[in-house]
Amino acid sequence: MIELTVAAALDLPVDELAAKTRRTAPVAFARQIAMYCAHVTFGWSLTEAGEIFDRDRTTASHACRVVEDRRDDERIDAIIQIVEDVLSAWLTTIENCRTLSPRGAE
């Protein structure tokens with residue numbers, strides 16, 4: 001969900017984000033946003049955030065610093081905020097569905 005949302009927001013192919021190599025600067029930044037959202041929005045550890053892209057904890061940590069620094073740009077901040085809002089809404093929806101499902105009542 002993170003990859004799909006970030007790729008859609010930045011108008012990039014999803015498969016580019018998952019590529020093993022760095023790719024272009026926009027793709028690398030999109031990947032950094034995805035790791036940032038995995039860590040900040042989903043609450044995953046830096047190790048878990050890096051693993052979704054076959055990266056290590058230090059790469060995820062660097063990604064979070066880069067994204068935080070680039071949020072000083074109002075346009076970039078607005079895009080990241082929208083991505084965070086969409087992902088938060090998705091998480092809330094999933095949690096609500098699980099609560100309402102017959103399996104959640106057990």
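What the table shows:
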| item | result |
| --- | --- |
| Rounded tilt (10° steps) of 74-100 against the dominant C-alpha axis of the chain | 20 degrees |
| Using alpha-carbon coordinates, inclination of helix 25-40 to the longest axis of the chain, degrees | 40 degrees |
| DSSP-assigned coil residues among trypsin sites (Lys or Arg not before Pro) in the stretch 9-106, each with at most 12 further Cβ atoms within 10 Å | K20, R22, R103 |
| Ascending count of other beta-carbon atoms within 10 Å, so fewest first, for S88, S101 | S101, S88 |
| The stretch 74-106 versus the stretch 51-65: alpha-carbon centroid distance in Å | 22 Å |
| Candidates E16, E74, E48: whichever shows maximal mean-square fluctuation once the chain is modelled as a Gaussian network with Cα springs under 10 Å | E74 |
| Gain in span if fully extended, E68 to E95, counting 0.36 nm per residue against the direct Cα distance | 7.0 nm |
| Relative contact order (%) - the chain, alpha-carbon pairs under 8 angstrom, separation at least six | 24 percent |
| Computed FRET value (nearest 0.05) for R103 with F42, which takes r as the C-beta separation and R₀ as 35 Å | 0.95 |
| Helix 57-70 axis, angle to the chain major axis (alpha carbon atoms, nearest 10°) | 80 degrees |
| Semi-axes of the equivalent ellipsoid for the chain, Cα gyration tensor, largest first, Å | 25, 16, 13 |
| The stretch 66-106: Cα Rg divided by the 2.2 N^0.38 Å rule of thumb | 1.75 |
| Dimensionless Rg ratio for the stretch 19-71, taking C-alpha atoms and the 2.2 N^0.38 Å reference | 0.99 |
| Ellipticity estimate at 222 nm from DSSP helix runs (n ≥ 4, -39,500 (n - 2.57)) divided over the chain, nearest 500 | -22500 deg cm²/dmol |
| Local net charge near T47, Cβ-Cβ under 9 Å (Lys/Arg +1, Asp/Glu -1) | -2 |
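Laboratory data are not the source of any read-out in this text; all were calculated from the coordinates shown. Note that this is a predicted model, so its numbers are computed, not measured. When we count neighbours, we look across all protein chains shown, and the Cβ atoms used for this are built from the backbone with ideal geometry, even at glycine.
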